[in-house]
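FYI, it's all coordinate maths here, none of it is from the lab. Predicted model, so just to flag it, every value in this text is computed and none were measured. A quick note on method: Cβ atoms are made from the backbone with ideal geometry, for glycine too, and the neighbour counts reach across all protein chains shown.
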Amino acid sequence: MNGDQLDRVIRDVLHEWTPDNSGAPAGVADRIVRRHRRRNLARAAGAVLGVAGITFGAVLATGPGDGAQPPSTRVSKESRLLWQTTLPGTSWDACATGTGAVHCRGVEFDGIGVDARTGEVEWRQKAKDVNGGRSPAGSLPGVRDGVLYTYADHEPGASRAGTDLVALDVEGQQVLWKHELADDSRNRSSAVLFDGGILANSPTFKSVVALDDRTGRSLWTYSWKKADCDRTAIGGVPYLMCSPDSDKAPQRSTVVRLDPETGTPKTVATVEGPTAYIGTDGDAVLLGGMAGGQKFFGDAGPATLTRVDLGSGEVSQHRVDGLPMGTVADGIILVNGRNGNVIAYSADDGRRLWSHALGLKLREESGDPTMRELPSAAVVDLDSRVAYYLAPSGHLVGLDLDSGAVRWRGAVDVPKSPVEAGIAPELMPYDRGLIGQIGGELFRIEPKPAGPGS
């Protein structure tokens, strides 16, 4: 089950579930889906969602960590905080960096622009129904050639508002075009920029459409059956990573290349059994599969790391101790494990390279220890070979990409807030530093990590 499916199942079940005395507050389904979307794929499977006695559970099996300590490294606490800004509005879902700017989307605004040099909010585009907030964004497609691609409610104020992909001119703050999606999923594959257009969900399920990025005109469409497909662009070319959508479907997964100009499909490789899309490593696609008889991807147990070479179609598979869903950087998969632990796997053969604690305080939700705060996904600086993480508390840490040793720690003062279990802050690379978002706080910082092995 992919992210789009899980969003849909959770929402539909909870909208239909109306016992006589549920005690569940209004909008609970949408808030649960919002929590789910704010997790990246490395963390989504670790959620346990409980409402008034009904529990949707999944556990990410990454292994407990081997306890091995990396070589001694000096830890730097030097950094330069360039600016910190409190954003307008009460809730923010996703941000993306562009040329000289940061763009964010939230409940009250379909988009805002922040000067990346000063932190000043330069413009804002209000949402049509500021009291709705029923369709949060898990990510933003991005910014290209002065156009921000964001999301807005298709029917503002409706109980099931749906979603439009929106092209917004960042200079004149004018909406260039809108495109209706099949549902209100707004994750990393709902809309993908490729060379010559943007690949988006169609108004119908199991279909994608390529849109002209300036006009929104349909260039071509592609549909499939009996599978759920993630979308991405590699080298400017759109690809689908498809897995069977039920036990009745053919039990095989495929990697499909779509011609950027015509949409003509070409199957690059076929793999037995269901898989989950992990990411890309150079010219290879990484997939994860269950290898221990598990029913769901979130079930604990061994897994298979599948590597598909897009040039040759060659497939290699390797046994791993858990599903390695995480950030991929220079041949390494960084997985956020339990209790603030990070595990690094080789993207070539699945070997566990190192495991180390982040040392970030992650609070638990009162009365439910299964729900806790989450760190951001890793942001990797390949020049210094440091993987950075941000906690909801405002504390940051930088781990050596090759050994896991802590090379830098920093902190940004943010207002104290209640525990928002399952909600992860965002961290983005920018110039020589980082841009972070925690709730309504946006900041830019330049860390100065210690040298490796110093």
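Could you sort the peptides 354-367, 141-154 by per-residue average Cβ neighbour count (10 Å cutoff), highest mean leading?
Order by mean packing, descending: 141-154, 354-367.
Between R217 and D195, what is the spin-label point distance in nm, taking each point 7 Å from the Cα along the Cα→C-beta axis?
2.1
Among the trypsin sites (Lys or Arg not before Pro) within segment 274-357, which fall in a DSSP loop and have no more than 16 other Cβ atoms within 10 Å of their own Cβ?
Listed in order of number, the matching sites are K295, R351.
Full-extension gain between R80 and W224, please, as 0.36 nm times their residue separation minus the C-alpha to C-alpha distance.
Stretched out fully, the R80 to W224 stretch lengthens by 46.9 nm.
Compute the label zone of S207 within segment 213-251: residues whose backbone N is under 17 Å from the point 7 Å along Cα-to-Cβ.
217-229
Between D348 and E365, what is 0.36 nm times their sequence separation minus the Cα-Cα distance? Round to one decimal in nm.
Between D348 and E365, full extension yields 2.4 nm more.
Would you grab the residues whose amide H sits under 5 Å from the one on I423? Only those 5+ places off in sequence or on another chain, please, with H modelled 1.01 Å from N.
L374
Just want the ordering: T73, T221, from fewest to most Cβ atoms lying within 10 Å of their own Cβ.
T221, T73
For segment 347-418 and segment 254-290, what is the separation of their C-alpha centers, rounded to whole Å?
Going from one Cα centre to the other spans 29 Å.
Starting with the fewest neighbours, write out L399, L305 ranked by other beta-carbon atoms found within 10 Å of each beta-carbon.
Least to most surrounded, the residues fall as L305, L399.
If each residue of separation counts as 0.36 nm, what is the full-extension length gain between Q173 and S417 once their alpha-carbon separation is subtracted?
84.6 nm
Return the distance in nm (one decimal) between the two label points of a simple spin-label model at V237 and L382, each offset 7 Å from Cα along Cα→Cβ.
About 1.9 nm, to one decimal.
Can you run phi through the Karplus equation (6.51, -1.76, 1.60; θ = phi - 60°) for segment 170-178 and list ³J(HN,Hα) in whole Hz, with x for Gly and Pro?
Computed from phi, the couplings for segment 170-178 are 7, 7, x, 6, 9, 6, 7, 6, 10 Hz.
Where in segment 383-454 are there trypsin sites (Lys or Arg not before Pro) that are in a DSSP coil and have at most 12 other Cβ atoms within 10 angstrom of their Cβ?
K416, R432
Starting from the coordinates of the alpha-carbon atoms of segment 348-454, obtain the Kirkwood hydrodynamic radius over all distinct pairs and give the value in Å to one decimal.
14.6
At most 10 other Cβ atoms within 10 Å and a DSSP loop assignment: could you name the trypsin sites (Lys or Arg not before Pro) in segment 245-279 that fit?
Passing sites in segment 245-279 are K248.
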